[in-house]
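The next block holds one structure in the form of structure tokens; read it before the comments.
The values are calculated or read from the model by the stated rules, or taken from the named source; none is laboratory data. No experiment lies behind these values; they were computed from the predicted model shown. Glycine also receives a Cβ, built like all others from the backbone with ideal geometry; neighbour counts cover every protein chain displayed.
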Amino acid sequence: IQWKYQRYVKDYLRCIDSVDDNVGRILDYLDESGLADNTIVIYTSDQGWYLGEHGWYDKRWMYEESFRTPLIVRWPKHIKPGSTNTDLVMNLDFAETFLDIAGATIPADMQGQSLKPIFADQTPADWRTSVYYHYYEFPGAHSVAKHYGVRTDRYKLINFYENKEWEMFDLQTDPHELVSVYDNPKYQAIRERMEAELQKLRDQYNDDGSVINFGNVQAKKVNTQLVRRFRFSEFDGSQPSPHGAAIALDGKTTIFATETAGRWNPEYKPFTIGAWIHPANATGVIAAHGGENIGYSFGLQDGKIALSVRNGGVLTTVVGPSVKNDLWSNVVAILNRQGTVDFIVNGVITETKTKVDFLRGAPADGFNLGQDAGSFIGEYSAANGFQGQLADFRLWWGVPEKEVLQAWAKTK
């Protein structure tokens, strides 16, 4: 690791040295050819770069190392050599700046502002006091969580909205952004102002959250596929039931488990899960895949069918219709392609319209039938399994045809 870091930093320094040399060559040529006074030279980039700060070696996060972008301008007779400016500018401003300098009309629907008065050290009185940021390319090769935020001259507020996490930094007292003050009561008033500013900018840029959701795009492309059907006739101790062979569960037993995801991998997949059950207890996990960081579980909660999903440790539980003890019921939970949960009990569908994120990665813990035997997905203890009889269990990726679900719900 040490060798790789040294190689990385040396390559980075060589790049800087090359940029310095070659920008110098351009400036020298302009001076020597008499073109300097009639040429604007701008050196910039699309973002900064991490050299290990925050444990990162790339970009994308809203922390200062990549959020701040180089912008160096030489414009003889217009910009004082060696001068600096700390006004908040963005790459949105570049096109307007070029048009303004060229004397062209700036279209009204462009979102930036010309930097020409900034270059002349004549910052307009109504110049922006905050800038907006939104990163949404998740899932992706870099696995950077979706987040948006706002930065002012002193403070920065970041919302990792799918993880339901917030950070706020005082850049004056904590320039390296190591200690979030979001929950610090001393900053409550500032936090509220920053939250209001964030919403104002989201409204200004019409960012209503409808940017490309790569997970939803993937989910809509998943073909409907029966992952596994358990008829239980091959299981020791199975008994006849009105719905085929059934297995009795005591709430403490895993009757089937996979160690790795493989074909069971639920990452960014809509799914349908269900079975015929004859419960002896009002609460219990029928099936689970994953654990305390990411995964899903399906079962009963206080006499009602329930589906729990964890993403990044954040738990969402959707509860559906009631299921009676000591009676056979066909129970089904569906996370559909729109990312909402539906339930079916004995052929009757309940559309909850509750949004649940698709699993944003492959769970580390495998699939378990009978209980949640890994690190727990739901808020329950070790004795969390289903108690009663279980028959004709099925798991699909996607949602099967209505006729298939109706036939499943009929008494054998």
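Listed values, structure above:
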item: Members of region 268-298 found to be under 23 Å from the mean Cα position of the chain (by Cα) and of a type in the set (V, I, T), listed by number; result: T272, I294
item: Hey, I344 farther than 13 Å from K304 by Cα, β-branched (V, I, T) and at pLDDT 95 or above or not; result: no
item: Every pair of residues 6+ apart whose Cβ atoms lie under 8 Å, when the first sits in region 163-184 and is within 29 Å of D357 (Cα to Cα) while the second is of a type in the set (S, T, N, Q); result: N163/N311; E165/N159; W166/N159; W166/S180; E167/S180; M168/S180; F169/S180
item: Residue selected from region 122-165 under the condition among the acidic types (D, E) and either at pLDDT below 95 or surrounded by 13 or more Cβ atoms within 10 Å (Cβ to Cβ) (or both), by the criterion nearest to E96 (Cα to Cα); result: E137
item: For A219: the one exception among (1) of a type in the set (A, V, I, L, M, F, W, C); (2) within 30 Å of Y135 (Cα to Cα); (3) surrounded by fewer than 16 Cβ atoms within 10 Å (Cβ to Cβ); result: (3)
item: Complete set of residues in region 65-101 that are under 27 Å from Y205 (Cα atoms) and of a type in the set (A, V, I, L, M, F, W, C); result: F67, L71, I72, L88, V89, M90, L92, F94, A95, F98, L99, I101
item: Residue list for region 36-95, filter: of a type in the set (A, V, I, L, M), free of Cβ contacts under 8 Å to residues at least 60 places away in the same chain and out of contact with any Leu (no Cβ under 9 Å at 6 or more places or on another chain); result: L51, I72, I79, M90, L92, A95
item: Flag for D207 being in contact (Cβ under 8 Å) with a residue 60 or more places away in the chain, of a type in the set (D, E, K, R) and either within 30 Å of R394 (Cβ to Cβ) or in contact with a strand residue (DSSP E or B) (Cβ under 7 Å, 6 or more places away or on another chain) (or both); result: yes
item: In region 116-135, the residues that are over 16 Å from D153 (Cα atoms) and within 34 Å of the chain's Cα centre (by Cα); result: H134, Y135
